[in-house]
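**Q** One structure is given below, represented as structure tokens, and several questions about it will come after.
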Amino acid sequence: MRNRIFRRYFWIAFLLFSVTLFAIDSYAIRSSSSSRIERLRAQLESDARILSGETVIPIAAWVPVAAARSCFRVTVLDPQGNIAADSSPGLEASDSLSVNTPFPNAGGPSWILRLTSSLSEANASNAAFRMRLLAITLLSMALALGLAIQFMRSYSRRIDRLRTYIEGLPDAGLPDDELPAGADELGSLALSLRQTAPKIRDLLAKLKLEGARREAILASMVEGVLAVDKELRVTFCNQSFARKMGARIPVPEGLPLLDLARDPALRDILVTVLKTNQPMERRIQLRGAQAHSFEVQAAPLAGLLAHGALAILHDVTELERLERVRKDFVANVSHELRTPLAAIRGYAETLLDGALEDLENNRKFVEIILSHAIRLNNIASDLLVISELESNGPAAHPRRISIRATIESALRTVESAARVRGVRLLTGPVEDFEVLGYEIRLEQAFVNLLDNAIKFNRLDGEVRIETQVGQDGKGVITIADSGIGIPSDDVPRIFERFYRVDKARSRAVGGTGLGLSIVKHVVEQMGGSIRVESQLGKGSQFTVTLPAHITHQVS
Ligand code: ADP
């Protein structure tokens, strides 16, 4: 009997059954003994009535005869209550029943006739009856017990099978025919369970699928998702959020929020949402997440089971950086344009104020105006290239370009500038290969690199350009010069827009500070990279690496 409920009911029923049986027994015993005594009393009374009708003298001789006839002890008492005659004189009447009746005495007051019977026989019959009854009671109790245990075992077994079936329901553990059959309540319960089981399994499968789908969506989300209960314990947190907090994945459910994100701002938002039951949005910087900035959208979560809050965190650090870059860029552009514009305006005003007639200087002033106009033009065309590169993104329909042809074309463009500055252009081994991209852009990038190598060179210096295809299938182009070199502090910044090591020198040689940022853009859009090594006073070497397709051999 493993079922506790059955065990309890069983003992209650058994107790009730036993109490009832014993109550019936005691009632039967009592009523049988009293009826036996009543019968004896009636017998005594009727015998006394018969005997009292006889008139006999002498009384002492009559008493034994009367006792023999009635089978009872006969005693005659005089009116004073003294024993006048007794059929069993001297016998002590311990457990007995007596009946007194008036006994007429001719010529005098009535005597009393007493008939007495011993109760020992009645008691013996009572005892025998009690024993029989007890035997029957015990037997029926044993029978009832046996039957009840049998019944309960079978019921228990059926309930156990039902339980196993229900427990295995989500995983389709027990086959349907293992369910208990029968026409009773358990049978009908099993039947309705069998009918409901496919629906439950179907529902569970759908829930599982839905859960997996939601899990996959949340896991693949870039946004951090966090759900807490009203005590600010984590009820859900996706991988993105855990990663941002540097927490171990998976985050255990029920973890206090402060153990996951030690950030008062996030906590405040969630507390407010829980308190006001209203959604809210705020931009915060999370301490745990390397000071990343997040746009937090929080909303109350009113579930069926519990109340809580949900927060979605968009990482806006990059957005903020871009905003900053854009602002800096606008500021830089205005700054860059202001100088030539101010110069042009200043010299134009000077000319108008009378310098036009100054035959010594007027030509010089116009030349200055022209050089600033050229500078403005250069800046404008570089900005145009950058904006084109940024708005088009990676080339939509790239073409195969021959590296050697592009380099030759770039060399032709810078040839005259090199000659003017007395810089020699040398080509090392040039292994031809093809790359995917736009020829004009790539040529522009090489022109910028070569132009810098010439501009920041010394008189009689040289520029060497080489190409080769590495073992990893990447094409490498190096442009090395024997120029002024770049201070190591400036090296990481030279690819930034408008960054120049020596502004005056750059400006003097017609630089805009945009050349290298264009090169970097072009190379990266083609899936390549650029790096620079430089030694101050000795020269610099720019290395461009691009995904290559080999076409020709080294020339
Ligand atoms: P710029 O128009 O001034 O040449 P770039 O973006 O092309 O602008 O280059 C940025 C700065 O990097 C230059 O102003 C210069 O200080 C430095 N630089 C670029 N190339 C070289 C080089 N080959 N040798 C020395 N310095 C260089």
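**Q** Whole-Hz ³J(HN,Hα) for each residue in the stretch 536-549, computed from phi via Karplus 6.51 cos²θ - 1.76 cosθ + 1.60 with θ = phi - 60°, x for glycine and proline: what do you get?
**A** Per-residue couplings from phi come out as 4, x, 10, x, 10, 9, 9, 10, 9, 10, 9, x, 10, 10 Hz.
**Q** Still on this model: How much length is gained on full extension from residue 440 to residue 285, taking 0.36 nm per residue of separation minus their Cα-Cα distance?
**A** Full-extension gain reported as 51.5 nm.
**Q** Next up: Assuming a ≥ b ≥ c are the square roots of the Cα gyration tensor eigenvalues, decide whether the stretch 76-135 counts as rounded (a/c under 1.5), prolate (otherwise, with a/b larger than b/c) or oblate.
**A** prolate
**Q** Using helices alone, I'd like the mean residue ellipticity at 222 nm for the chain: each DSSP H run of four-plus residues gives -39500 (n - 2.57), total over residue count, nearest 500.
**A** -18000 deg cm²/dmol
**Q** Once the piece of chain linking residue 416 and residue 80 is laid out straight, how much longer is it, given 0.36 nm per residue of separation minus the C-alpha distance between them?
**A** Result: 103.4 nm gained on full extension.
**Q** Need one number: nm distance between label points at residue 331 and residue 129, each 7 Å from Cα along Cα→Cβ, rounded to one decimal.
**A** Those two pseudo-labels are separated by 12.0 nm.
**Q** Would you mind getting me the FRET efficiency between residue 68 and residue 145? Use the beta-carbon distance for r and R0 = 56 Å, nearest 0.05.
**A** Efficiency at R0 = 56 Å is approximately 0.55.
**Q** Further question on the same structure: If you find the alpha carbon centre of the stretch 218-251 and of the stretch 40-71, how far apart are they in angstrom?
**A** Using only Cα atoms to place each centre, the spacing works out to 111 Å.
**Q** Another question, then. Can you work out the FRET efficiency for the pair residue 248 and residue 275, with r the C-beta to C-beta distance and R0 = 35 Å, to the nearest 0.05?
**A** Values: r = 30 Å, r/R0 = 0.87.
Efficiency, from the Cβ-Cβ distance: 0.70.
**Q** Roughly how compact is the chain, stated as its Cα Rg over 2.2 N^0.38 Å to two decimals? Intermediate results must be reported in sequence, preceding the final value.
**A** Numbers: Rg = 60.0 Å, N = 555, 2.2 N^0.38 = 24.3 Å.
Normalised Rg, Cα atoms only: 2.47.
**Q** Could you work out how far apart the two model spin labels at residue 232 and residue 110 are, taking each label as a point 7 Å from the Cα in the direction of the beta carbon, and quote it in nm?
**A** 10.6
**Q** Here's something else I'd like to know. Identify the GluC sites (Glu not before Pro) of the stretch 1-102 meeting these criteria: DSSP loop state and at most 14 other C-beta atoms within 10 Å of the C-beta.
**A** Numbers: sites: 38, 45, 54, 92; in loops: 54, 92.
Listed in order of number, the matching sites are 54, 92.
**Q** Right, here's the next one. Using label points projected 7 Å from each Cα along Cα→Cβ, tell me how many nm separate residue 216 and residue 370, to one decimal.
**A** 6.9
**Q** May I ask you to derive the FRET efficiency for residue 258 and residue 202 from their Cβ-Cβ distance with R0 = 56 Å, giving the value to the nearest 0.05?
**A** For R0 = 56 Å, the calculated efficiency reads 0.85.
**Q** If I stretch the segment between residue 167 and residue 543 completely, what's the gain in nm (0.36 nm per residue apart, minus their alpha carbon distance), one decimal?
**A** Full-extension gain reported as 128.6 nm.
Read-outs: derived from the displayed coordinates by stated rules, not from any lab. Just so it is clear, the model here is predicted, and its values are computed rather than measured. In this analysis, Cβ positions are derived from the backbone assuming ideal geometry, glycine residues included, and neighbour counts consider all displayed protein chains.
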